[in-house]
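A short write-up of the structure that comes next.
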Amino acid sequence: MSTPCDSIRAVTWRNSLLYLLDQRLLPHRQIYLNFDKAGAVTRAIRDMVVRGAPAIGIAAAYGAVLAARSAFASSGSNWRKAFEADLAMLAAARPTAVNLTWALERMQRIIGNIQGDPEPALLQEARRIHQEDIQANHRMGELGAALIEQPCSVLTHCNAGSLATGGYGTALGVIRSGFAKGMINNVFADETRPWLQGARLTAWELVQDQIPVTLLADGAAAWLMKQGKIDWVVTGADRIAANGDTANKIGTYNTALAARHHGVKFMVVAPVSTIDPSIPDGSGIPIEQRPQAELLSLAEQSIAAEGASAWNPSFDITPAELIDAIVTERGIVLKPDAQGVATLFHKRTGA
Ligand code: MRU
């Protein structure tokens, strides 16, 4: 057993500023942008400078710190009104990942007791959200890797790694832990059209941490499974409904269908903050529509016939019956259903 590598951080707070690794430029350029206003953080989330459900939540929490700083500087003890308006703006940046509103609700919960400058207390809470996420990912890495019974090959979709979280990753956390234990021999990554999170981000992240990775076109996954080359599909999640239906990057549903057809196991790895118990099933999860240009062009070059339009949902819903295991930091739900998910969720809230 070696020690898992985890060298990348997408979100950091330094010298009173938020720094985000600009994921639009990866893998060719590694540039951190700094932020001192909540409005700019909102645009960075919407425009995919930072992406991945937990990383969006963490960036928004630091965005709330910046919102409080601006509101206190301009309005003194009446800072709460401007702060709340910025929180609403941050929450609307992307609709599907529930970690965004979850993190902002945590930030909002603590403002009641604050006297004077709100920044120190809010910064402490944002740092806590960040640290807890990394710890949760390590725990999920152990739990998910323990589900793998013999050295095997896995397929992942999109990027659910350090780049998409506070660090270590959810699906890539399981892959990091499983690889370090010698239980994962081969990692295949779907390129993940149209934004290419697999080709640009997952492949880069795994190469950085010396985990060999093989890319494939999304449409090749079923054929790879047919040849018996995949034992587990491991993905992240943007929102898990009360019955276990799971929203994740567009194409996850195809992968789950192909996995079930070929007898390949399907694992979803996500912190409890990704569970939304207020939504009974996947039909209630809002699905973000992204600009047509993401499909019609590549690297700002048009690639489609002029005059064609494009349909670009950013996420799809994988029904719970296609999922073999949901792995969270609080434990695993096998063959998820409403009862299994509720038991796990109540364990978290202590209810
Ligand atoms: O549009 P993105 O890149 O934000 O989509 C990200 C995903 O779908 C991830 O799989 C999900 O957020 C989990 S990240 C740990």
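Points to keep in mind about this one:
- Rounded to 5, the percent of DSSP beta bridges in the chain classed as antiparallel: 50 percent
- Overall form of the range 238-284 per C-alpha gyration tensor (a/c, 1.5; a/b vs b/c): prolate
- Here the relative contact order of the range 11-134, from alpha carbon pairs under 8 Å that lie six or more residues apart, stands at 24 percent.
- Computed about the Cα centre, the dipole magnitude for the range 141-346 is approximately 380 debye when only Lys and Arg (+1) and Asp and Glu (-1) carry charge, each at its Cβ.
- Ellipsoid equivalent to the range 299-351 - semi-axes via the Cα gyration tensor, in Å: 40, 13, 10
- Here His346 sits with roughly 90 square angstrom of accessible surface, probe radius 1.4 Å.
- Whole-angstrom gap from the range 31-56 to the range 264-329, using each part's C-alpha centre: 19 Å
- Rg over Rh, two decimals, the range 141-346 (C-alpha only, Kirkwood Rh): 0.96
- Rough spin-label spacing in nm, given labels placed 7 Å along Cα→Cβ, for Gln227 and Tyr32: 4.1 nm
- DSSP bridge orientation in the range 141-346 - percent antiparallel, rounded to nearest 5: 40 percent
- Helix-only mean residue ellipticity at 222 nm for the chain, each DSSP H run of n ≥ 4 adding -39500 (n - 2.57), per residue, nearest 500: -12000 deg cm²/dmol
- The simple Förster model, with R0 at 35 Å and r as the Cβ-Cβ distance, assigns Ser302 and Cys152 a FRET efficiency of 0.30.
- All lysines inside 28 Å of Lys229 as judged from Cα atoms, apart from same-chain residues fewer than 8 positions distant: Lys181, Lys249, Lys265, Lys335
- Size of the chain: Rg and Dmax of its alpha carbons, in Å, are 19.7, 65.
- Using a Förster distance of 45 Å, the FRET efficiency for Ala92-Lys347 (Cβ separation, nearest 0.05): 0.90
- Qualifying GluC sites (Glu not before Pro) for the range 261-351 [loop in DSSP, other Cβ within 10 Å: at most 14]: Glu300, Glu306
- This model, with +1 at the C-beta of Lys and Arg and -1 at the C-beta of Asp and Glu, gives the chain a dipole about its Cα centre of some 440 debye.
- Its residue count N sets the reference 2.2 N^0.38 Å, and the alpha-carbon radius of gyration of the range 11-134 equals 0.99 times that reference.
- Kyte-Doolittle mean at least 1.0 and Cα axial length at least 30 Å: DSSP H helices in the chain: 53-75
- For the range 11-134, a simple Cβ point-charge model (Lys and Arg +1, Asp and Glu -1, everything else neutral) yields a dipole of about 240 debye relative to the Cα centre.
The values are calculated or read from the model by the stated rules, or taken from the named source; none is laboratory data. Please read these numbers as outputs of a predicted model, since none were measured by experiment. Neighbour counts run over all protein chains shown; Cβ positions are idealised from the backbone, glycine included. The protein model used for the area step is the full one, side chains on, heavy atoms only, and it has no ligands, DNA or RNA in it. Shrake-Rupley method; radii C 1.70, N 1.55, O 1.52, S 1.80 Å.
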